[in-house]
1. Using modelled backbone amide H atoms (1.01 Å from N, in-plane), which distant-in-sequence or interchain residues come within less than 5 Å of L442's amide H?
2. Using a 7 Å offset from Cα along Cα-Cβ at K407, what residues in segment 377-396 end up with backbone N under 19 Å from the label point?
3. Separation between the N267 and L569 pseudo-spin-labels, each 7 Å from Cα along Cα→Cβ, expressed in nm?
4. Express the carbon and sulfur contribution to the solvent-accessible surface of segment 341-473 as a percent, rounded to the nearest whole number, probe 1.4 angstrom.
5. Return the distance in nm (one decimal) between the two label points of a simple spin-label model at R171 and W208, each offset 7 Å from Cα along Cα→Cβ.
6. For segment 251-322 and segment 440-481, write down the distance between their C-alpha centroids in whole Å.
7. Relative contact order for segment 68-117: what percent, with Cα pairs under 8 Å and sequence separation of 6 or more?
8. If the chain between I598 and A581 were fully stretched, how many nm would it gain, using 0.36 nm times the residue separation less the Cα-Cα distance?
Amino acid sequence: MNPTTPVCACFEPRSGSGAWWRLGSAAFLAVNAMVLGLAVNGSEVTASERFALESATGLISLGIAVLLGGELVTAAWRARGLSLELLFLSGIAASFTASLLSLFQGIGGTYFDVAGLLLLVYSLGREVGRYGQERVLSELTVSIANSGVQKGDTVQVLPGQPIPADGLILRGTALVQDTNLTGESFARPMQEGDLVRAGSFPLDASIWIEATATAADSEIEKVRALMVERLARPGRTLELAQRALRWFIPTVTAATLGTFFWHWQANPWPVALSHAMSVLVIACPCALGFAAPLTVWSAMARLRQTGILCRSGEALERLADVDTVVFDKTGTLSAPEAYAATLEVDASWTGGRDRLLRLLSTAEQASAHPIARAMAPLWEGVAPAELESIRLLPGRGLSAAVIDGGKPFLVEVTLGADPSRHSVEVRVNGRAAATVYLDESLRPALDETLDGLTTDRLRLVLATGDGAARAAVIPIADQHSRQTPQEKLALVDGLNAAGHRVLFLGDGLNDGPAMAASHVGMTVATASPAIQEVASLLNLNGDWRALPVTLRIARQAVGALRRNIAVALGYNLVGMAIAAAGWLSPVTAALLMTVSSITVVLMALNVLNIEVTGEERVLVD
């Protein structure tokens, strides 16, 4: 078996409401089977009555097998080796076979109800695991696979609507926001012949595109598929649980056979078989097969509630080990969509700063464009002039006819031409009047975040390509400025060599080598696709207030995971010893196994109850 192949094959794509309907029906049948079993074993009945009741129990359990057995058999076949499914299947098959022999020979007890209960427990655990997994997968990205767009289709995309498939613009010009794919926070002007990606959207005008791929083959869906693949990678503790299953299953098989032959020496074979069945039933390691993966999925779902996407169980475990956090600055601690606007009036403008602000505010307040929102602090408290008309300049900006003091003005606000700095050019009556520069601001509550990490005794380091003066605005004592990618890598290598477990936070390609060398990496949703490939965790909203609780959730989840595995193994070994001594009936063993399974599943789901404060709960729309 490939070492990366999960021993438990029960977590697969979500099966829908039909599976829960089958589970509900099977649970109803299982309760009735248990009632009939108690009636047979707990009261005086004649041989014919016993045969009738046991036959009815067998038929009910057969109905449970019809409802739920297909997926168990399929999963056991796919595993093609020692697996949790094989252990359940062996217990169920042994229960049915022994029960049929006892039924028609008229000696010993029957265990049809035990077989039905085993199948129900397995199926319930599988569906709970699927539910936990789906909670994470459904949040990965905006999926557009069901849009129905086919290659060659022509589609009109209205302002604000997501583009449903990768395609070429046939007609129209617009500012297109594609932050989710490119990491560029500013919208880009796109026109006829340009390639646009699914998931991006026009801001200021409609465009008509010809799809160059189906929706399911778009770039954003490829990213989603890659994330799904990453999520399947188990962490070290989960791999340990899977390896434990590999030796646990042969141990159970040997213990079951040993118990049978030991008791057969002094008792009739039905008695020996009953004791062996008890060993096999109580040994089902649900904590290893169900609760361990469920703990990981529950923690990942909890992280998602705080705006952090964890891409694998391995990343979760690595995050729990972190003792040092290394930050990049630009784009990571600074917010690319929150700008400090600076107005520089052109020397040729003679109308005065106040009039210019009135004209600019009148034009821009009629617009919902993100750039207009960024400039809004400039004209706070300024009374606007009279807006006569406004016209969008698709892909460029806007033009507005404004009346101020009884005089008409034509105001044009367009994107600046300087590629090195975000800017907006303002022209009045065809002449340059001003330039508005938009500089990045720090992300919200940064001081609070850093204080929380320091309280948790984490070492904080800043590694930035900026000069010392610009780096000084970040309240981190250990600062490394003017860092090249090679120097950032050397910094992380040095920390690794000193025995530290580094969490690296960055967003640019220059952070890639250092992030790849770190113990675990995290980036923001505005980062480039290449750096998102390297990072194991993704901050979906860029608010680092979630970081301290993210580390706390990871530590608690991994601790719970290890405790669950230890408790489950100990419980199973003690239970097997008691059953091998002949002190448990198969029915009692099945009930104890069910109680233990429910307990460890509830312990796994308890990860979802880790307390998160209102400030830490930063949900993504």
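1. Under 5 Å from the amide H of L442 lie the amide H atoms of A335, each far enough along the sequence or on another chain.
2. 383-389, by backbone N distance to the label point.
3. 3.0 nm
4. Numbers: 3340 of 6780 Å².
The value for segment 341-473 is 49 percent carbon and sulfur by accessible area.
5. For R171 paired with W208, the spin-label model returns 0.2 nm.
6. Segment 251-322 and segment 440-481 have Cα centres spaced 44 Å from each other.
7. Numbers: 35 pairs, mean separation 13.8, N = 50.
So the answer I get is 28 percent.
8. Numbers: separation 17, 0.36 × 17 = 6.12 nm, distance 2.52 nm.
This chain segment gains 3.6 nm when fully extended.
The values are calculated or read from the model by the stated rules, or taken from the named source; none is laboratory data. As the structure is a computational prediction, the values presented were derived from the model and not from experiment. Using ideal geometry, Cβ is built from the backbone for each residue, glycine included, and neighbour counts are taken over all protein chains shown. Just so you know, the surface numbers come from the protein's heavy atoms only, side chains and all, with ligands and any DNA or RNA stripped out. Shrake-Rupley method; radii C 1.70, N 1.55, O 1.52, S 1.80 Å.
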